[in-house]
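Okay, so here's the structure we're looking at.
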Amino acid sequence: MHIPDGMVPPQVVIVGYAVSGGVLMWSLKQIERSDRNQEQIPKASLFTAAFFVSSSLHIPIPPASVHLVLNGLLGAILGYYAFPAIIIGLFFQAVMFQHGGLSTLGINALIMGIPALLAGSIFRSRLTFRLKNRFWTGCFGFLAGSTAVALSATLFLSTVLFTLPTDIDQNLEQASLWALVLAHMPLVILEGLFTTMVVLFLDRVKPELIKHYS
């Protein structure tokens, strides 16, 4: 779900950078409001590294191969830190693995980062409803992980379909894109299960890691 350089028009690239810059500034302001922001930096660094490395772990799902995204997990664990963490991870993925591109870093950050922030809100909502036992922690972890990937796939497909050049075989390109997105559907369940396992593990061994979001 990484959009490479040259796949979308320049105006989309510019809008992507402008909007992602605004979301980044908003996230940083939310972080600054916390009196515990310095304590969260090591945790954010650890999960940024996990997000970066996850792109190298490919899972063959015909007719394509996919990799763990982990944006839902970052949202659930890091909250507002998730968006800057994803930007950093995407930058190094583009430079070192050629996943995505530098010109499309802004739009890729929105495709991955907005769902991560939503996942954080979903996971936090269990506290709003006072659902704090392990069962509900696991349920909201699954919902956060699966929703983030499903939304990222939807944003990726929408962005590319609406910006396809007119001088290519539209039907063939659309069929390829749909096949790629459908290959990610099993990943929606897998990401949900993986996020569930991680948040339940942290809830048991170090619950403070899933209690502070900014």
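The values are calculated or read from the model by the stated rules, or taken from the named source; none is laboratory data. None of the values given here were measured: they were computed from a predicted structure. Cβ: placed from backbone, ideal geometry, glycine included. Neighbour counts: every protein chain shown. SASA here: full protein model, heavy atoms, side chains in, ligands and nucleic acids out. Shrake-Rupley method; radii C 1.70, N 1.55, O 1.52, S 1.80 Å.
Counting only protein heavy atoms, what percent of the accessible surface of the chain is carbon or sulfur at a 1.4 Å probe?
Whole-percent figure for carbon plus sulfur exposure: 69.
What's the FRET efficiency of Ile41 with Thr154 using the Cβ-Cβ distance as r and R₀ = 30 Å, to the nearest 0.05?
Efficiency computed from Cβ-Cβ geometry: 0.40.
Using a 1.4 Å probe and ignoring any ligands, DNA or RNA, find the accessible area of Leu151 and quote it in Å² to the nearest 10.
About 60 Å², rounded to the nearest 10.
Whole-Hz Karplus ³J(HN,Hα) for region 68-78, in order, using 6.51 cos²θ - 1.76 cosθ + 1.60 and θ = phi - 60°, x for Gly and Pro?
4, 9, 6, 5, x, 5, 4, x, 5, 8, 9
Quick one: accessible surface of Asp35, probe radius 1.4 Å, all protein chains present, in square angstrom to the nearest 10.
140 Å²
At 0.36 nm per residue, minus the direct Cα-Cα distance, what do Leu193 and Lys132 gain on full extension? Give it in nm, one decimal, please.
Taking 0.36 nm per residue and subtracting the Cα distance, the gain is 20.1 nm.
Let me know the number of lysine pairs in the chain closer than 17 Å at the Cα, not counting same-chain pairs under 8 apart. Provide the component values of the computation, followed by the final result.
Working: Lys43/Lys206; Lys43/Lys211; Lys132/Lys206; Lys132/Lys211.
Counting lysine pairs in the chain gives 4.
Along Cα→Cβ, 7 Å out, is where each label goes; now give me the distance between the ones at Ser125 and Val19 in nm to one decimal.
2.2 nm
Determine the calculated [θ] at 222 nm for the chain from helices alone, applying -39500 (n - 2.57) to every DSSP H run no shorter than 4 residues and normalising by the residue count; nearest 500 deg cm²/dmol.
That comes out to -24500 deg cm²/dmol.
Want the number for Glu208 to Cys139: 0.36 nm per residue separation, take away the alpha-carbon distance, what's left? Show your work: numbers first, answer last.
Working: separation 69, 0.36 × 69 = 24.84 nm, distance 1.85 nm.
So the extension gain works out to 23.0 nm.
Heavy atoms only, 1.4 Å probe, whole protein assembly: order Val12, Val19 by accessible area, highest first.
Most to least solvent-accessible, the answer reads Val19, Val12.
How large is log10 I(q)/I(0) at q = 0.10, 0.11 Å⁻¹ when the Debye formula is applied to the Cα atoms of the chain, each weighted equally and without solvent?
-0.42, -0.51
Taking the solvent-accessible surface of protein heavy atoms with a 1.4 Å probe, what is the per residue accessible area of the chain in Å²?
49 Å²
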